[in-house]
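Some notes on the structure that comes next.
The values are calculated or read from the model by the stated rules, or taken from the named source; none is laboratory data. Because the structure is a prediction, the values reported are computed rather than measured. So basically every Cβ, Gly included, is an ideal-geometry build from the backbone, and we count neighbours across all protein chains shown. Please note that ligands, DNA and RNA were not included when accessible areas were found on the heavy atoms of the full protein model with its side chains. Shrake-Rupley method; radii C 1.70, N 1.55, O 1.52, S 1.80 Å.
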Amino acid sequence: MKLLTLNFLTCARKACKTSAASFPLHPREAELEQVELDMNPQFIRNVLPRVEWEAMRSISQELGLPSLPDTAPGPEELADAEGGPTQILKDLHTLLMETTIASGKLLCANCGHEYAIKEGIANFLLPSHLV
Amino acid sequence: MQRFLKSPFCIVRLDSAAAAKALLSRCILATGIYELLGHGDTYDALRDNVLSRSSRQLLQYKKLPFRFTLDCFQGTRSTKKQREIIESFGYLDLEGQISMKNAELDLWILEDYSLDTTKPKHSSEPKHLYLGRFLGSSGRKVVPVYDLKRRKYISTTSMDSELALVTANLALAVPGKLIYDPFTGTGSFPVACAHFGATVIGSDIDGRSIRGSKGRNVFSNFQQYGLEALYLDSFISDLTNTPLRKGRWLDGIVCDPPYGVREGLKVLGSPKPELQKEVRLKDGRIAHLQSDYIPPKRAYSFEAMLDDILDFAAAMLIDQGRLCMWMPTANDEDVELAIPAHPALEITSVCVQSFNKWSRRLLTYRRISDSDIDQTAVRRKREQINGATADELNSFRRKYFQGFKDAASSDDVGGQHNSG
């Protein structure tokens, strides 16, 4: 699971949806992998405003990745004078699209439930007593 | 735009030749687009029309190397007759070289015979004629590239590649956008959206469908077509218990929710009392934490799911974002399903695909901005019609019109619809 996707996920339990603690989910026993992927500057520029930056920072920290600036880069920092990608854009691509959790768990800080990630695919199915 | 029933031709007005070419390059169902130089029911009428409307263009094209092609829809012409027809266009007064390979003026004579199936097959004369300058061919040539017969990983629920591409077009999939399929199965819709450059996420309640096996799974389909860079992620989830963070961050949602008796629409949960609390295995281990645990699921009303999808789309799509959803036109008791509605979603198109014994619709909705929502619109919840479910009500209606035939035969459910 790419770190960008993690930024769009909360606990699946309806009971947790109203709690701020259910987002972001916290990686546990996470095996990280860097997977090279062609950069898509247009996508990063489009999606960055939709990212919850504070959550991205805290997860980055939890995973021991280099620390991120306090606020998300603005659109002017994502393109150089010729409209090409800046180093900041390339770094965002590496962080959001190339850093993946191959296996591990995702913990909801509100209810303690853990979702398993296996071969990069997370399982959010709940037993019936938690639905 | 003018369309003629039963004719494959339609006349459209566009801003420029470049716009026409760009439009067709994305089209999956069209084959070509031509600058209309004239049309008519006979060659004489065609000539009069061409000379009256296109003399300015003909002057412009006068010296260009040119060629003619005669194309007949549901008709044929002998080689001799084809030559005669082409030669009859001398009135165009073209002075350029005839060039089959390097024509800059690519003229097409289109003959529409519009086959009438009540009459013998070959009507000798076309019903309508067009003279056009070829501007661009369509995106249709990618359909065989994505043909399911050539795809490494498919299942019985995989959407036909042509229809998946049409759906991606209606969802306005373009580079930079983020599109989600909550019933991704083997990834047919995400692949089609990625073909047009959108970044895609998929999920499904069936984990086996996503994981597949080594070298044959949703991700391997993206690898097969070189679309890995557009594959964001897939995960396993139930739409009615979604882990997706609520907010307006999706550009599009495309789906073909499961219906029909055999596939059986399921959601998480169980009515069994013993499953309403945490279950322990005989050795004390917690059942749901084991790696091979499969959570119980229960049947769910298809119509309720359609409403859930609309609620989800209204909550998650950005303004102008598109929801494209397939649904059958009738349920498994042959009772027509109403097109679902939501005050925040405006229908932009309804396309129908008819099979022998049933048909299905592709619905496209546009998420309108909050300021445009009619606050007084009352959303009719299907469960609230006269205190009974609409299904119950409809079954009753059907039995009523059938004259209350034998209970056993009227309870027989129709065959599984999820084919194609």
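With all protein chains in place and ligands, DNA and RNA left out, the 1.4 Å accessible area ranks B:Leu232, B:Leu163, B:Leu170 as B:Leu170, B:Leu163, B:Leu232, largest first.
Mean-square fluctuations from a GNM of chain B, with a 10 angstrom spring cutoff on Cα atoms, peak among B:Tyr300, B:Tyr130, B:Tyr61 at B:Tyr61. Taking every C-alpha pair closer than 8 Å and separated by at least 6 residues, the mean separation divided by the residue count of chain A gives a relative contact order of 38 percent. Once backbone amide H atoms are built at 1.01 Å from N, B:Gly136 has B:Ile33 as its partners under 5 Å, excluding neighbours fewer than 5 places away on the same chain.
Here the simple spin-label model places points 7 Å from the Cα toward Cβ, and for B:Lys266 and B:Asp147 these points are separated by 3.4 nm. Atom-type composition of the exposed protein surface of the protein assembly as shown places 52 percent of the accessible area on carbon and sulfur (1.4 angstrom probe). Rounded to the nearest 5, what % of the DSSP beta bridges within the stretch B:2-141 are antiparallel ones? Approximately 65 percent, going by the DSSP bridge assignments. Based on protein heavy atoms only, chain B ends up with 52 Å² per residue of surface accessible to a 1.4 Å probe.
Protection proxy ranking of A:65-73, A:50-58, by the mean of other Cβ atoms within 10 Å over each peptide's residues and highest first, is A:50-58, A:65-73.
Across peptide B:59-70, the mean count of Cβ atoms from other chains lying within 10 Å of each residue's own Cβ comes to 0. Annotation: B:Arg47 carries an accessible surface of approximately 80 Å², with a 1.4 Å probe and no ligand, DNA or RNA atoms counted. Close amide H partners of B:Ser203, meaning residues 5 or more places away or on another chain with modelled amide H under 5 Å apart, are B:Asp181, B:Phe183, B:Thr184, B:Phe235.
If you run the Gaussian network model on chain B, springs between alpha carbon atoms under 10 Å, then out of B:Pro271, B:Pro328, B:Pro190 the most flexible one is B:Pro271. Note on the stretch A:3-130: with charges restricted to the Cβ of Lys and Arg (+1) and Asp and Glu (-1), its dipole about the Cα centre is near 820 debye.
Ranking B:Asp256, B:Asp41 by solvent-accessible area of protein heavy atoms (1.4 Å probe, all protein chains present), from largest to smallest, gives B:Asp41, B:Asp256. In this simple spin-label model, placing a label point 7 Å from the Cα along the Cα-to-Cβ direction at both B:Ser99 and B:Asn356 gives a separation of 5.2 nm. Checking the Cα-Cα distances for A:Lys2/A:Lys90; B:Lys277/B:Lys297; B:Lys21/B:Lys62; B:Lys21/B:Lys149 against a 24 Å cut-off, the pairs over it are B:Lys21/B:Lys149. Using a probe of 1.4 Å, the accessible surface attributed to B:Trp108 totals some 50 Å² when neighbouring protein chains are kept in position. Comparing each chain alone with all protein chains together (probe 1.4 Å, DNA, RNA and ligands left out), the residues of the stretch A:14-43 losing at least 20 Å² of accessible area are A:Lys14, A:Lys17, A:Leu37, A:Asp38, A:Asn40, A:Gln42, A:Phe43. Taken about its Cα centre, the protein assembly as shown carries a charge dipole of roughly 1120 debye when the Cβ of each Lys and Arg holds +1 and the Cβ of each Asp and Glu holds -1.
In the stretch B:246-286, taking the dipole from charged Cβ atoms about the Cα centre, the farthest positive-side position among B:Gly269, B:Leu250, B:Ile286 is held by B:Ile286.
Taking only Cα atoms and a 10 Å spring cutoff, compute GNM fluctuations for chain B and point out the largest among B:Val218, B:Val50, B:Val174. Highest fluctuation among the options: B:Val50.
If packing is taken as the average number of other Cβ atoms within 10 Å across a peptide's residues, how do A:11-18, B:366-373, B:318-325 rank, most packed first?
Details: A:11-18: 17.6, B:366-373: 14.2, B:318-325: 21.0.
For the peptides A:11-18, B:366-373, B:318-325, the packing ranking is B:318-325, A:11-18, B:366-373.
Between B:Lys80 and B:Asp319, what FRET efficiency comes out of the Förster formula 1/(1 + (r/R0)^6) with R0 = 45 Å and r the beta carbon distance, rounded to 0.05? Numbers along the way, then the final one.
Values: r = 60 Å, r/R0 = 1.33.
Taking R0 as 45 Å, the efficiency between B:Asp319 and B:Lys80 is 0.15.
Ordering B:Arg361, B:Arg13 by how much accessible area each has at a 1.4 Å probe, largest first, what is the list? Don't skip to the end; give the middle numbers.
On the way: B:Arg361 20, B:Arg13 220 Å².
Listed by decreasing accessible area, they come as B:Arg13, B:Arg361.
Relative contact order, whole percent, for chain B stands at 12, derived from Cα pairs under 8 Å and 6 or more residues apart. Using a simple spin-label model with pseudo-atoms 7 Å out from Cα toward Cβ, B:Asp292 and B:Lys6 lie 6.2 nm apart.
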